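Trainee: The structure follows.
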Amino acid sequence: QVHFVESGGGLVQPGGSLTLTCAASRFTFGAYAITWYRQAPEKERELVGYITNNGMQSGFGIPGNGRFTISRDNAKNMVYLTMTNLEPDDTGVYYCYRDVPQDYWGQGTQVIVSS
C-alpha cells in the first residue's frame, strides 16, 4: 500500500520560510508525479502544486505564486515543498497525494503562520 509521511510543519512568523518533506514508500517512487495539497481551517482542500516523476517539471495551483518551489530526490524517495515569504493565508495542513490508480494521501503536516 502506498505510504506517505509528511513532516517539517510548525509555527512560523509571517515572512518566514519552511521546507516540508514528504517521505514515500511501498511503491516505485520514480514512476509517479507527486502532488501537494493543503487544507485551511473550515475550507476545502486545495491544490498547492505538483512535480513530475523525473522532477523536470512542476506546476502550481495557487495563483500568482512565486513563493513556493517543489523538488524531489528519487534516490531518497522524498519530495520537498519549500515555502518562502509565508503569509497567514498559508496556514493549513499540507498533504502529499498520488492519484494513480486511486487516491493516496498522507496524514499531513500542520503549518501555522502567525505572529
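The values are calculated or read from the model by the stated rules, or taken from the named source; none is laboratory data. From a predicted model like this one, the values you see are computed outputs, not experimental measurements. Note that we place each Cβ from the backbone using ideal geometry, even for glycine, and neighbour counts take in every protein chain shown. Accessible surface is based on the protein model in full, side chains and every heavy atom, while ligands, DNA and RNA are left aside. Shrake-Rupley method; radii C 1.70, N 1.55, O 1.52, S 1.80 Å.
Trainee: Restricting attention to region 1-99, which GluC sites (Glu not before Pro) occupy a DSSP loop and are surrounded by at most 15 other Cβ atoms within 10 Å?
Mentor: Glu42, Glu44
Trainee: Between beta-carbons, use under 9 Å as the cut-off and find the net charge around Thr35, counting Lys and Arg +1, Asp and Glu -1.
Mentor: 0
Trainee: Right, another one. Provide the gained length on full extension for the span Val100 to Leu47, in nm with one decimal, where the gain is 0.36 nm per separating residue minus the Cα-Cα distance.
Mentor: Separation in residues times 0.36 nm, less the Cα-Cα distance, equals 17.4 nm.
Trainee: If we count every other residue with Cβ under 15 angstrom of Gly9's Cβ, Lys/Arg +1 and Asp/Glu -1, where does the sum land?
Mentor: -1
Trainee: What do you reckon, how do Thr35, Thr28 stack up by accessible area (1.4 Å probe), largest on top?
Mentor: Thr28, Thr35
Trainee: Mean-square fluctuation check for the chain, GNM, Cα pairs under 10 Å: which of Gln13, Gln102, Gln57 is largest?
Mentor: Maximum among the listed residues: Gln102.
Trainee: In nm, to one decimal, how far is the Asp89 label point from the Leu11 one, both placed 7 Å along Cα→Cβ?
Mentor: Using points 7 Å along Cα→Cβ, the separation is 2.4 nm.
Trainee: Is the shape of the chain best called rounded, prolate or oblate, per the rule: a/c under 1.5 gives rounded, else a/b larger than b/c gives prolate, else oblate, with a ≥ b ≥ c the square roots of the Cα gyration tensor eigenvalues?
Mentor: In terms of gyration-tensor shape, prolate.
Trainee: Related question: Under 20 Å from a point placed 7 Å out from the Cα of Thr82 along the Cα-to-Cβ direction: which residues of region 18-37 have their backbone N that close?
Mentor: Flagged as within label range: 18-24, 34-37.
Trainee: Could you pull out which residues in region 44-84 have an amide N less than 16 Å from a spot 7 Å beyond the Cα of Thr28, following the Cα-Cβ vector?
Mentor: 53-55, 74-75, 77
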